[in-house]
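The values are calculated or read from the model by the stated rules, or taken from the named source; none is laboratory data. Just so we're clear, the structure is a prediction, and the values are computed from it rather than from any experiment. For neighbour counting, all protein chains shown are included, and Cβ atoms are generated from backbone atoms with ideal geometry for every residue, glycine included.
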Amino acid sequence: MLTPIRVRGRRKKRPANTLSPPQQDATKRPKGGRPLMSPAARLTSSQSKTVQRAHRLIAKPVPPHKKLSRLETLPVELIEKIFLHSLNVSFPRASLSLAATVSSERIYRALILLAFWNDLPSSTGTADAASAATIAKILSPLDYVPRDLDERSALQRAITRCKWCTVHRLLHRLPDLMELTIRRYWHDAGITMSDDQQQGLNRFLAREERDDEPSVFHGTDNANNHYTLSVSPLISVTVTCHETATARTHRILSITEFPERVLRGEDGFPSETMIYLETLRIASGFNSPELTETQVSVARDMLQKGIHVALIENNADALASLLKIDEYHFRCKNTTVPATNGVPYTIPAGHFRTAVRVARRDPALFQLLVRASAESVPADDSEITQWAMDLDGPFGRWLLELMLQLPQRIEAANANPVDGAVFYLGRANGQVELARRYLSEVLGVEQLGTWMEESSCDLERQWRAL
């Protein structure tokens, strides 16, 4: 039996005698379905579709893929070397690729160590191979070259303005700076130690020493001279030669200026910032009971802003630290005895008014300002006078007496800032009657020494916690 083959083509008209049902007339179709569009609707739809079709036909420009420069395609190690050789903090700002390459903890660490280590030539001897290798390892990946004062100052100023240079990072580099200082001025000076002394020093640097172990170590040089190494953690290293009775102190954190953003209290004065501020003050030598020459610069206008912030925060510790920095630096630069050409130390009168408004019932802030410069209290200020009367206590009565005697006290302080002022470096001058009355009537003590050595920060504890 043959199988019929279906061939596509024109359909032939079926014969009339087929059994298929006849086609229905189009006019007799059942009503329903989608209604016909009106002419206005068809016009609107046609225009809308035309606009959509035109939008699809307009090809959107494909953003070109940014091609990396030849510098950006270099190996990471080579880019780091270029950056550390140039020491240009604007280098990472050239592109996101370069910023990602050099933004690492080891780069931050190398920059901080280079900026804050005052690597003066050793007085005797040269670096041995072991010590040189240790120093190179600590400073890796930096190809170390000592920097002079101007270069270090410029680098410090540049990196302390960077956002990555946080208080946390700076504090955690202090142990490395201390080890570098010991390596340079003890080992590289040709001083050798016995095995037990060397082990004790190693335990000290690793913070594994016992509480009863001293931070003093002994050694000898090739000429059999005896030396003592005294370490004040995070502050300084002192090398003493017994035969010559000479001692040299090397500061661990060699700052050339106080960071402005810390002085002005840009982020306030939380506990971490206070530790950093006190560490900078003590490490820079601003804790001496006597004035010593300093090369550290202080932006006094920024510091006065910080004092205002500390007053607004009612933060006595921050206020005391800032006042100590301000007074010590100012007196180092301007105090002469007799004060023929010197400039008297004063603080803005507005600070006293702020202290009155912030703490009306607590004179602690006002007393700190008085201890810095009693002669700066505004004599004819009605607000302060009323506040002193409202205190109704020994300090209020003493303050009213001070305001009456201010003309004489200012004249005496200008003539002799050391012995003529009511307070000098926080010390109450016993030869001044108002100072004696302050000790007996207000504090109830016999004497009040300099406040430069006082600190709210325990650096020994901080050293063990880092």
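Annotations for the structure displayed:
- Of the criteria (1) more than 27 Å from Glu401 (Cα to Cα); (2) without any contact (Cβ under 8 Å) to a residue 60 or more places away in the chain; (3) assigned to a helix (DSSP H, G or I), which one Ile325 fails: (2)
- Restricting Glu260, Glu293 to residues that are surrounded by fewer than 22 Cβ atoms within 10 Å (Cβ to Cβ) and touching a helix residue (DSSP H, G or I) at 6+ places or on another chain (Cβ under 6 Å) narrows the list to Glu260.
- Residues in the range 235-244 that are at pLDDT 90 or above and assigned to a loop (DSSP other than H, G, I, E, B): His242, Glu243, Thr244.
- Residues (at pLDDT below 90, assigned to a loop (DSSP other than H, G, I, E, B) and within 19 Å of Thr166 (Cα to Cα)) located in the range 89-116: Val89, Ser90
- Leu280 meets all of the listed conditions (1) part of a loop (DSSP other than H, G, I, E, B); (2) in the same structural domain as Ile307 (by TED's automatic domain parsing); (3) not β-branched (Val, Ile, Thr) but one, namely (1).
- Restricting the range 180-234 to residues that are among the basic types (Lys, Arg) and under 24 Å from Ser284 (Cα atoms), the residue that is modelled with the lowest pLDDT is Arg207.
- The conditions of being surrounded by 13 or more Cβ atoms within 10 Å (Cβ to Cβ), under 17 Å from Leu139 (Cα atoms) and β-branched (Val, Ile, Thr) are not met by Val89.
- For the range 211-260, filtering for residues that are among the basic types (Lys, Arg) and more than 18 Å from Glu278 (Cα to Cα) leaves 1.
- Residue list for the range 430-466, filter: more than 22 Å from Leu319 (Cα to Cα) and not in a helix (DSSP H, G or I): Gly430, Gln431, Val432, Gly444, Val445, Glu446, Gln447, Leu466
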